[in-house]
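First comes the structure, then the notes that go with it.
The values are calculated or read from the model by the stated rules, or taken from the named source; none is laboratory data. Being a predicted model, the structure only gives us computed values, none of them experimental. No Cβ is skipped: glycine too gets one built from the backbone with ideal geometry, and neighbour counts run over all protein chains shown. Note: accessible area is taken over every heavy atom of the protein model, side chains too, but ligands, DNA and RNA are not part of it. Shrake-Rupley method; radii C 1.70, N 1.55, O 1.52, S 1.80 Å.
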Amino acid sequence: MSKIIPTPQVCRAVPGQTQEVIMTPQWLPEKSEYPPCRAAYTPLINGARAFEAVARAIEQAKISIDIITWGFQASMYFQRPGGKMIGELLEEATKRNVRVRVLVWFSGTGQLMDPNFPGWESFYQVEQQWPDKYPSMSQTEREKFFQNQKSNHNRLLATGKGLGYETEEQYQYDKEWHYRVEHGLIPGLEVCKRDLADVKDLSRVSSRLKELSPYRVEDDSSMMRDAALGLFSTHHQKMVMVDYEDPTRTVGFVMGHNMLSQYWDDDKHSRVRKKEDEGRDGFTGWQDISACVFGEILWHMNENFVDSWEKDAKDGGLKMTRAGIPSSAFLPDRARLEAINQRLSLPVPLNLVMGQICRTQPQYKRYDILKAYMESVKRARNYIYIENQYFRFHELAKQIRSTVNELIRCGRDPERHGPLYLFVVTNSTEKPADKKWPSNAIGGHQTYKMLEALGRQDLMPKYTNKIRGVDPDTEVPALDIPGLKTIICTLVSPDSEAGKWQPVYVHSKLMLIDDIFLIQGSANINLRSMAFDSEIAIALQDTDQDPIVPEVRRRLWGMHTDGKGIGDDFAAVYEVWEDLISKNKKNKDSKGRPETALVEFSDNSKKLTNGD
């Protein structure tokens, strides 16, 4: 019998600036739709930065602008103060012979709860009265008809409802802009509606969960939740790409922000509401994050766009036109990145990194965002930071617990080596004091399940006592979990008036782990984003040279704690956060003012909804 010689395991390492090589585990999800590739990334924290960068890219576009978004408002001012509306920016681009394509999710039923496409499908009443007369107009006749209707002040109607915070003048602009686009009066600009009609089926909820294997997702849905997931899934992706046809100028954006006016805010998150062209005009402050990106991931972002355009706009020509551009055309180097940094005046320069585009695409059974979240928390050793609109995906909490147990099983002593620290910034599920403020109440039960798994059911005491069948006012302590320290927070405007604290709505979709791993994009931490809506995100594994993740962490933590809780000693940071939320609790109880934006999560509801 011949001796079997094992294949030698060889790793060739070429040191760069130093003579030291550090080997790290693979953090990016393996066997995924898109492979890891050479990329560049810079965060755009909050709308003032994000929309400024996107506006500059649009203003400099020479060939094409591709947009996918969940919400679109033509009358939104991207640069404030003194800037232009996105509708104006896109129309001006077409006058430079730039081809503009916009894909927006829209549902007539969905907008009854959450309007997202003001002015869509606008029309004059006379057009419905004489349906055979007006569709056959030439472009010149249509323009004359439009100007005549406008000068006579005839009312322009629309399927897309106005937004609660926009002015009548803004909504009128939305309707007029869409009318002109839909009737070809802005040549070179196409706006297409998209939906998920091909996967709407209530009976497929349970079968969808089976597709998520090897991840076992518990089917504990209510009828309301099944209906919401099975019948009202959305296209939730958000991305922008400019001049893909010219790789020397191409730039991309992986967005958390929607193109709706209330998403604009700056780091101050002031309680003061301003005019729509001057500052934050939504009803609350808004915390969010997007990113500017470059590199071979643009090839994957383009594939996502052209496939969607072919399906929803019924136009396969774009895919054929761009088919000859190889991914190698977007190889990032210092000179190309510096050119983009200067051209867009990016507040933080693009940095080289290994990145990967991940998607949730249920039509094609793609669930790589789920994989990225679940696999990365398995590798956590020091901290996990989650900043997300929702915190209600029970399986992620269970995986965090499993990670902690595995660390202890393998010999980690929490007393000697320290625990794993979990920092979370999200939104309360308690019904807001002002009906104009955004609400997360519909998913309260799923948030409770997550908190319970992490030993923090003390943050929902009355509902916990209801589940346990005891007096609602019974004290509920936090559960001590060996090896895990968890802190769950929400945000308020730091300049809130005494006794009138105003929440800051967290819309971010971000997770950082151990200053090595980052995932950011459009996906929330809920079952909808992991398995039912379409989503896009970028995951990256940091390097020791010009690291990205530590700087993102420090900037966010500094913003939320007024610079008090930003160190690299996570045990010390945890103590600072606990101290800050304790002080804020006392300040709130005494009708004082907040010390920082950071407050402890709290929901004193006796009844919670299992609707999402």
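Using a Förster distance of 35 angstrom, determine the FRET efficiency expected from the C-beta separation of ASN152 and LYS606, and round it to 0.05.
Approximately 0.05, to the nearest 0.05.
Evaluated at 4 °C with a viscosity of 1.567 mPa s, what Stokes-Einstein diffusion coefficient in µm²/s does the chain have when Rh comes from the Kirkwood expression over alpha-carbon pairs?
51 µm²/s
Per the Cauchy relation, a quarter of the hull surface: what is the mean projected area of the convex hull of the alpha carbons in segment 519-576, in nm²?
5.4 nm²
Can you compute the charge dipole magnitude of segment 335-450 about its Cα centre, using +1 on each Lys and Arg Cβ and -1 on each Asp and Glu Cβ, nothing else charged? Give it in debye, rounded to the nearest 20.
Around 340 debye, computed over segment 335-450.
Note the full-extension length gain between GLU121 and LYS133 as 0.36 nm times their separation in residues minus their Cα-Cα distance, in nm to one decimal.
Gain on stretching GLU121 to LYS133: 2.5 nm.
Relative contact order for the chain: what is it in percent, counting Cα pairs under 8 Å that are at least 6 residues apart?
After rounding, I find 18 percent.
Return the distance in nm (one decimal) between the two label points of a simple spin-label model at ASP315 and LYS500, each offset 7 Å from Cα along Cα→Cβ.
4.9 nm
Less than 9 Å Cβ to Cβ from VAL506, Lys/Arg counted +1 and Asp/Glu -1: what total charge do the surrounding residues give?
Local net charge: -2.
Report the residues of segment 390-422 in range of a label on ARG381: point 7 Å along Cα→C-beta, backbone N strictly under 20 Å from it.
400-422
Extent of segment 455-591 along each principal axis, from alpha carbon coordinates, in Å, largest to smallest?
54, 37, 34
Evaluate the Debye formula for segment 527-612 with equal point scatterers sitting on the alpha carbons, no solvent, and hand back log10 of I(q)/I(0) at q = 0.14, 0.15, 0.23 Å⁻¹, in q order, two decimals.
Computed log10 I(q)/I(0) values: -0.79, -0.86, -1.04.
For the charge dipole of the chain, defined by +1 on Lys and Arg C-beta atoms and -1 on Asp and Glu C-beta atoms about the Cα centroid, which residue among PRO503, TYR77, LEU352 has the Cα displaced farthest towards the positive pole?
PRO503
If packing is taken as the average number of other Cβ atoms within 10 Å across a peptide's residues, how do 476-486, 29-39, 134-144, 411-421 rank, most packed first?
29-39, 476-486, 411-421, 134-144
With a 1.4 Å probe and every protein chain left in place, work out the accessible area per residue of segment 99-155 in Å², rounded to a whole number.
For segment 99-155, the per-residue accessible area is 61 Å².
Could you check the spin-label model distance between GLN545 and ARG204? Points 7 Å from the Cα along Cα→Cβ, value in nm.
So the label points at GLN545 and ARG204 sit 4.6 nm apart.
P(r) for segment 358-497, please, calculated from all Cα pair distances in 5 Å bins and given in %.
For segment 358-497, the pair-distance distribution reads 2, 9, 15, 19, 18, 15, 12, 7, 3, 1, 0.
Contour minus end-to-end for THR248 and ARG416, with contour as 0.36 nm per residue of separation and end-to-end as the Cα-Cα distance?
Additional length available on full extension: 55.3 nm.
Determine the percent antiparallel among the DSSP beta bridges restricted to the chain, to the nearest 5.
Of the beta bridges lying entirely in the chain, close to 65 percent run antiparallel.
Find the accessible area per residue for segment 532-597; the probe is 1.4 Å, ligands and nucleic acids are left out, and the unit is Å².
Per-residue accessible area for segment 532-597 comes out at 44 Å².
Report the FRET efficiency, 1/(1 + (r/R0)^6), for ALA339 and ASP114, where r is their Cβ-Cβ distance and R0 is 56 Å, rounded to 0.05.
Efficiency, from the Cβ-Cβ distance: 0.90.
Label points 7 Å out from Cα along the Cβ direction at SER222 and GLU303: separation in nm?
4.0 nm
Calculate what fraction, in whole %, of the accessible area of the chain sits on carbon and sulfur atoms when a 1.4 Å probe is rolled over the protein chains.
50 percent
Treating only the Cβ of Lys, Arg, Asp and Glu as charged (+1, +1, -1, -1), what charge dipole size does the chain show about its Cα centre? Round to the nearest 20 debye.
540 debye
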